[in-house]
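Below you'll find the structure, written out as structure tokens, and then a few comments.
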Amino acid sequence: MNGKQWEPQIKALCKEYQCVIWDVRGHGSSTLPPGKGNPDDFSRDLVALMDYLNIEKGVLCGLSMGGHISVQCAIHYPERVSGLILIGTPYTNKYNWFEKYATPISLLSLRLLPFHWTSSWIASAMSRINPANKAYVLESFQCMTKANFLAHWEANLKMESGPQLHKVSCPTMILLGSHDKMVARQQKSLRKGIPHSEYYTIPAADHLTNRDNPKAVTNYIHQFMKAME
């Protein structure tokens with residue numbers, strides 16, 4: 001996806017907080033360097049961006065892969081993270097036997113399928129609750145080539161935080177859409193693995209949680225930020 005995903009939250013939160021939206025490499029306006037991707041590059045990119053903007057420390061908020069990148073940043077660069085807001089966030093692609101076998105199969109399938117089929121399928125899956133999501137997802141995919149999508153997805157699938165979750169020491173809030181079956185199986189152990197984390201369910205929301213129920217997500221973020229003051 002890209003930074004436009006967070007428009008509903010930014011409009012409400014930018015009046016009180018400095019909000020920075022970034023496009024992960026290979027997404028939106030960010031380019032993707034040639035060659036195979038390294039999963040560690042994602043968190044390194046984020047810290048480099050914070051350095052460039054002279055941001056010493058901040059609260060990181062991410063959905064799905066963005067949440068996992070935020071977790072990795074809190075593990076490897078704890079001095080830069082004052083809090084985490086994780087929405088529909090996986091922390092591994094090897095949670096159970098299904099994921100261990102499904103992950104390489106999914107990558108192979110994506111290589112074989114026409115790219116427009118992939119984008120159409122994902123757009124439909126992400127718009128079951130909020131039909132307006134479909135146009136946004138399709139627009140996001142138009143910014144990527146199939147080669148870049150596959151290289152990025154392969155690096156994403158290599159991210160692994162399970163053995164190091166206990167290293168997350170900052171305040172953490174975990175949010176999950178009530179209809180999000182994609183990562184629901186990991187949420188109990190994610191909460192258990194991160195000390196002192198809090199967990200809430202977002203009603204009437206699927207995996208694209210912050211756009212399915214923007215008001216509820218924004219309210220929880222606002223409450224978390226207030227508690228951090």
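The values are calculated or read from the model by the stated rules, or taken from the named source; none is laboratory data. Note that the coordinates shown come from a computational prediction; the quantities given were computed from them, not determined experimentally. A quick note on method: Cβ atoms are made from the backbone with ideal geometry, for glycine too, and the neighbour counts reach across all protein chains shown.
Counting only residues that are farther than 22 Å from ARG128 by Cα and not hydrophobic (A, V, I, L, M, F, W, C), which one in region 168-185 is surrounded by the fewest Cβ atoms within 10 Å (Cβ to Cβ)?
So, considering only residues that are farther than 22 Å from ARG128 by Cα and not hydrophobic (A, V, I, L, M, F, W, C), the one surrounded by the fewest Cβ atoms within 10 Å (Cβ to Cβ) is SER169.
Quick check on region 38-65: of everything there that is out of contact with any Phe, Trp or Tyr (no Cβ under 9 Å at 6 or more places or on another chain) and among the small types (Gly, Ala, Ser), which residue is nearest to LYS94 (Cα to Cα)?
Looking at residues that are out of contact with any Phe, Trp or Tyr (no Cβ under 9 Å at 6 or more places or on another chain) and among the small types (Gly, Ala, Ser), I get SER64.
Looking at (1) over 27 Å from LEU190 (Cβ atoms); (2) of a type outside the set (Gly, Ala, Ser); (3) part of a helix (DSSP H, G or I), can you tell me which one PRO131 breaks?
Among (1) over 27 Å from LEU190 (Cβ atoms); (2) of a type outside the set (Gly, Ala, Ser); (3) part of a helix (DSSP H, G or I), PRO131 violates only (3).
State whether one or more residues within region 74-91 are of a type in the set (S, T, N, Q) and modelled with pLDDT of 95 or more.
Yes; the residues of region 74-91 include at least one that is of a type in the set (S, T, N, Q) and modelled with pLDDT of 95 or more.
Criterion first (under 30 Å from PHE224 (Cα atoms), polar (S, T, N, Q) and touching a residue at least 24 places away in the same chain (Cβ under 8 Å)) does ASN130 satisfy it?
Yes.
Of everything in region 213-229, what is more than 28 Å from ILE122 (Cβ to Cβ), of a type outside the set (A, V, I, L, M) and loosely packed, with under 14 Cβ neighbours inside 10 Å? Give them in sequence order.
Across region 213-229, the qualifying residues are GLN223, LYS226, GLU229.
Quick one: in region 102-126, which of the residues that are in a loop (DSSP other than H, G, I, E, B) and free of Cβ contacts under 8 Å to residues at least 60 places away in the same chain is surrounded by the most Cβ atoms within 10 Å (Cβ to Cβ)?
LEU113
Kindly provide the set of residues from region 57-92 that are closer than 28 Å to ALA216 by Cα and in a loop (DSSP other than H, G, I, E, B), ordered by number.
Those that are closer than 28 Å to ALA216 by Cα and in a loop (DSSP other than H, G, I, E, B): LYS57, SER64, GLY88, THR89, PRO90, TYR91, THR92.
What number of residues within region 216-229 are without any contact (Cβ under 8 Å) to a residue 12 or more places away in the chain and either in a helix (DSSP H, G or I) or among the aromatic types (Phe, Trp, Tyr) (or both)?
Matching residues across region 216-229 total 3.
Are any residues in region 25-75 farther than 24 Å from LEU176 by Cα and among the aromatic types (Phe, Trp, Tyr), and if so, which ones?
The answer is TYR52, and nothing else.
To keep it simple, each residue is scored yes or no on (1) part of a helix (DSSP H, G or I); (2) modelled with pLDDT under 95.
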position	(1), (2)
GLN9	yes, no
GLN18	no, no
VAL24	no, yes
PRO34	no, yes
ALA48	yes, no
ASN54	no, no
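Among what's in region 186-212 and is more than 16 Å from the chain's Cα centre (by Cα) and assigned to a loop (DSSP other than H, G, I, E, B), pick the residue that is surrounded by the most Cβ atoms within 10 Å (Cβ to Cβ).
Only one residue fits best here, namely ILE194.
Quick one: which residue in GLY67, GLY88 is free of Cβ contacts under 8 Å to residues at least 24 places away in the same chain and crowded, with 22+ Cβ neighbours inside 10 Å?
Checking each option against the conditions leaves just GLY67.
Go through (1) touching a Lys or Arg at 6+ places or on another chain (Cβ under 6 Å); (2) in contact (Cβ under 8 Å) with a residue 24 or more places away in the chain; (3) over 23 Å from ASN210 (Cα atoms); (4) surrounded by fewer than 16 Cβ atoms within 10 Å (Cβ to Cβ) for ARG80 and report which single condition fails.
Among (1) touching a Lys or Arg at 6+ places or on another chain (Cβ under 6 Å); (2) in contact (Cβ under 8 Å) with a residue 24 or more places away in the chain; (3) over 23 Å from ASN210 (Cα atoms); (4) surrounded by fewer than 16 Cβ atoms within 10 Å (Cβ to Cβ), the lone unmet condition for ARG80 is (4).
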